[in-house]
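Report on the following structure.
The values are calculated or read from the model by the stated rules, or taken from the named source; none is laboratory data. Bear in mind the structure is a predicted one, so any value in this text is a computation, not a measurement. Every residue, glycine among them, receives a Cβ derived from its backbone with ideal geometry; neighbour counts consider all protein chains shown. What goes into the accessible areas is simple: the full protein's heavy atoms, side chains included, and nothing from ligands, DNA or RNA. Shrake-Rupley method; radii C 1.70, N 1.55, O 1.52, S 1.80 Å.
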Amino acid sequence: MNQITIGMFAHVDAGKTTLAEQLLYHTQSIRERGRVDHKDAYLDSHQIERARGITVFADQAVMSYKGSTYYLIDTPGHVDFSPEMERAVQVMDYAVLVVSAVEGVQGHTETVWQLLQKHRIPTFFFINKTDRVGADADRVIEEIQMHLTTDTCWITGGFANGELGEALMENIAERDEAVLEAFLAGTEDQIFWLRTLKDMIRGHRIFPCAKGSALQDVGVIEFLDQLHLLTTADYNELAPFGGRVYKIRHDLNGLRMTYIKALSGTLKVRDELCYLGGEERMCEKATRLLIVNGSKSLAVDQVSAGDLFAVIGLSSAETGQGLGIYSDKLVYDLVPTLTSKVMFADSLNVKDVLKAFKTLHAEDPSLNVIWEESLQEIHIHVMGLIQLEVLQQLVKERFQFDVTFGSPEILYKETILSTVRGYGHFEPLKHYAEVHLLLEPGERGSGITFANACHANDLSIGNQNLIRTHLYERDHHGLLTGMPLTDIRITLLKGGSHNEHTHGGDFREATFRALRQGLEKAENLLLEPYYEYKIKVKIDYLGKVLSDIQQASGHFDPPYTTATRAIITGKVPVATFMDYSTELAAFTHGRGIIQLLFGGYDRCHNEQEVIDRKAYRKDADPLYSSSSIFCAKGHGYTVPWEQAEAKMHLI
């Protein structure tokens, strides 16, 4: 029996959830069809989703059809919740990308498409809302071929009851020389053509297109049958168990539920699951296994390859983590570029608020919850204002207290342009640690990387690992604005300890001081997030768009133009362009299309202005000091960073 995971994707309001509702109804998974506008859709089960009429959480349902089991995941279509969508993508076997027959290919449609192609998810297009005034499925196919892929084929009208029509066979034959010979010879039967089409879909060589109206239930049953005939999976249940975590949730009692896609083998209740928890390999028993279907769950004794299920009993497995025979952890591309402060009443215990946000962070790692001890403040990373509004409702609903958020600000970062050595010494009375680091500029997007050139004869392996742990235990503050450091290669050169006087925390002090002392000597650079944009407008608007990009301190590639249209691509700071989609919609009367993708960090276009506005005092940061502490005559004394190197014991 096939067990296949299918993801539903779309730009917001294209009708994705309505189509999912119809598929569930026609497989008798639900008795009545809900509607988004009636606030009773099965997969928009959360009150927040029903009130707003948008999908916020990647929820799943189970449906059976003609002997196969399908796990259907309805993903968010709003850009503010795209990290939730991305986390779900990597457990998909197939995707259905819903495109409105009226609005056509929109900005977020392209973002979704690129993500699906990056992860090589075989994709079906469903052109929806063909009943609406202004609908034109043929025009939308042309847009798909122009902006997404030319490798499309109609299955509506060309594929029914397992048989391919002449036009569809010809379309397939054009893509393969051997298949073309078979088509011209006319010697192959329908079994050959069906197998060839399935293989081409799985191999990303062709992308089937269907059309209909989910709301009016037109073309849905036909599409369901086509999905069934054209999708397949070949998981190995006899192999050792391996799986991938794609979601963390907590039930009403706060019990942690780890959602997993089984990729190989079988797993039974009370079996042990092993994974990397931080630096350590952890093994914990699966005390309960649940098949989750909308807001309901069913306890089972065993799951096998291809299943989506939730486990009770794992305490630390994170989203993207491999389990069993998979030990890697996935890295996600869609990351927030804004930061916001959590604000709450003085009557609330800050530890309770932080605990609540740590719970939310486990469910959505992109929040990157940060506790600023010195300021007694909680900061989070977010995609946009809609996400903040949903978080506010979520906290009230789940934790029964009120929070508000400061205005979202750009998440700046800092790096260095020159290679330096940093020295840190920490020796108050009866303490001792010394650390020497080499700091080098790293490639953009590389983050903080660590190398070890210290010999075990100079410093024990345990203490060397301790230094590495301290470098990775938090985001370190830069000197210019106090924002997180990134894109730096740090090499441990030397370290010193004392048999009697080195205690826990000494190497943290020495490591942080060495890092900071190196920054003092380096040429520091402020970085800001950039968008990679793609803008499509009528040719008449080309001049205005290019002018707007220049004013926003962006740059553009040579525009692609036709007689009537223009496509402009390039990079632009998030700070100057985050609201441009509203402006574009206004002057193009809603006909302009903009796609904004996170394009990494680069030099800040208005560095001094940001530094002045942040007004960070590097010498007043309670977490960091660039000076070192030495001991003489039974007393510790402080040596400024510029004099510390000459006093180091290991030079």
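Counting only residues that are within 19 Å of residue 8 (Cα to Cα) and either of a type in the set (Phe, Trp, Tyr) or touching a helix residue (DSSP H, G or I) at 6+ places or on another chain (Cβ under 7 Å) (or both), how many does the stretch 190-223 have?
Residues flagged as within 19 Å of residue 8 (Cα to Cα) and either of a type in the set (Phe, Trp, Tyr) or touching a helix residue (DSSP H, G or I) at 6+ places or on another chain (Cβ under 7 Å) (or both) within the stretch 190-223 amount to 14.
Among the residues of the stretch 298-330, how many are surrounded by fewer than 16 Cβ atoms within 10 Å (Cβ to Cβ) and over 20 Å from the mean Cα position of the chain (by Cα)?
7
For the stretch 315-330, give me the residue count where each residue is closer than 28 Å to residue 601 by Cα and either assigned to a loop (DSSP other than H, G, I, E, B) or in contact with a Cys (Cβ under 8 Å, 6 or more places away or on another chain) (or both).
Residues flagged as closer than 28 Å to residue 601 by Cα and either assigned to a loop (DSSP other than H, G, I, E, B) or in contact with a Cys (Cβ under 8 Å, 6 or more places away or on another chain) (or both) within the stretch 315-330 amount to 5.
Taking residue 150 as the residue in question, decide whether it is under 17 Å from residue 82 (Cβ atoms), within 28 Å of the chain's Cα centre (by Cα) and among the hydroxyl-bearing types (Ser, Thr, Tyr).
Taking the combined requirement at face value, the residue does not satisfy it.
Conditions (1) touching a Leu at 6+ places or on another chain (Cβ under 6 Å); (2) open to solvent by less than 60 Å² (accessible area, probe 1.4 Å); (3) under 20 Å from residue 631 (Cα atoms), marked per residue:
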| position | (1), (2), (3) |
| --- | --- |
| 448 | no, yes, no |
| 461 | no, no, no |
| 466 | no, no, no |
| 476 | yes, yes, no |
| 484 | no, yes, no |
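Within the stretch 87-106, can you find the residues that are in a loop (DSSP other than H, G, I, E, B), within 30 Å of residue 69 (Cβ to Cβ) and open to solvent by less than 10 Å² (accessible area, probe 1.4 Å)?
Selection gives 91 alone.
Can you tell me which residue among 480, 526, 493 is open to solvent by less than 70 Å² (accessible area, probe 1.4 Å), assigned to a loop (DSSP other than H, G, I, E, B) and at pLDDT 95 or above?
The conditions single out 480.
How many residues are under 40 Å from the mean Cα position of the chain (by Cα) and surrounded by fewer than 11 Cβ atoms within 10 Å (Cβ to Cβ) if we restrict to the stretch 620-651?
Of the residues in that region, 2 qualify.
Could you say whether any residue in the stretch 600-619 is touching a residue at least 12 places away in the same chain (Cβ under 8 Å), more than 29 Å from residue 555 (Cα to Cα) and open to solvent by 30 Å² or more (accessible area, probe 1.4 Å)?
yes
With respect to the numbered conditions (1) among the hydrophobic types (A, V, I, L, M, F, W, C); (2) at pLDDT below 90; (3) surrounded by 15 or more Cβ atoms within 10 Å (Cβ to Cβ), which one is the sole condition not fulfilled by residue 252?
(3)
Can you pull out the residues in the stretch 114-131 that are touching a strand residue (DSSP E or B) at 6+ places or on another chain (Cβ under 8 Å), open to solvent by 20 Å² or more (accessible area, probe 1.4 Å) and assigned to a loop (DSSP other than H, G, I, E, B)?
129, 130, 131
Test of understanding: among 69, 109, which residue is open to solvent by 10 Å² or more (accessible area, probe 1.4 Å) and among the hydroxyl-bearing types (Ser, Thr, Tyr)?
69
Output the residues belonging to the stretch 422-440 that are open to solvent by less than 40 Å² (accessible area, probe 1.4 Å) and not in a loop (DSSP other than H, G, I, E, B).
Passing the criteria: 422, 423, 424, 425, 426, 433, 434, 435, 436, 437, 438, 439.
Residue-by-condition table, conditions (1) open to solvent by 40 Å² or more (accessible area, probe 1.4 Å); (2) part of a helix (DSSP H, G or I):
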site	(1), (2)
178	yes, yes
195	yes, yes
201	no, yes
221	yes, yes
234	yes, no
248	no, no
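For the stretch 264-290, which residues satisfy the criterion of being open to solvent by 10 Å² or more (accessible area, probe 1.4 Å), out of contact with any Phe, Trp or Tyr (no Cβ under 7 Å at 6 or more places or on another chain) and closer than 21 Å to residue 328 by Cα?
Hits for the stretch 264-290 are 271, 272, 274, 276, 277, 278, 279, 280, 281, 283, 284, 285.
Which pairs do you get when a residue that is closer than 27 Å to residue 22 by Cα, found in the stretch 187-215, comes within reach of a residue that is open to solvent by less than 10 Å² (accessible area, probe 1.4 Å) and of a type in the set (Asp, Glu), reach meaning Cβ atoms under 8 angstrom, with the pair 6+ apart or on two chains?
214/21
Can you report the number of residues in the stretch 533-563 which are within 17 Å of residue 599 (Cα to Cα), open to solvent by 30 Å² or more (accessible area, probe 1.4 Å) and not aromatic (Phe, Trp, Tyr)?
4
Which numbered condition trips up residue 333, out of (1) out of contact with any helix residue (DSSP H, G or I) (no Cβ under 7 Å at 6 or more places or on another chain); (2) open to solvent by 50 Å² or more (accessible area, probe 1.4 Å); (3) farther than 22 Å from residue 622 by Cα; (4) in a loop (DSSP other than H, G, I, E, B)?
(1)
For a quick check of your reading: which helices (runs of 4 or more DSSP H) sit entirely within the stretch 562-650 and have at least 1 residues that are within 30 Å of residue 11 (Cα to Cα)?
574-577, 580-587
Could you tell me whether residue 205 is surrounded by fewer than 19 Cβ atoms within 10 Å (Cβ to Cβ), of a type in the set (D, E, K, R) and in contact with an Asp or Glu (Cβ under 9 Å, 6 or more places away or on another chain)?
yes
Just checking, how many residues over the stretch 132-161 are open to solvent by 80 Å² or more (accessible area, probe 1.4 Å) and not in a helix (DSSP H, G or I)?
5
Out of 13, 37, 44, report the one residue that is charged (D, E, K, R), modelled with pLDDT of 80 or more and either outside any helix (DSSP H, G or I) or open to solvent by 10 Å² or more (accessible area, probe 1.4 Å) (or both).
13
Pick out the one residue from 55, 111, 18 that is among the hydroxyl-bearing types (Ser, Thr, Tyr) and either part of a loop (DSSP other than H, G, I, E, B) or modelled with pLDDT of 90 or more (or both).
55
Look through 261, 211 and report the one residue that is open to solvent by less than 10 Å² (accessible area, probe 1.4 Å), within 23 Å of residue 75 (Cβ to Cβ) and of a type in the set (Lys, Arg).
On inspection, the qualifying residue turns out to be 261.
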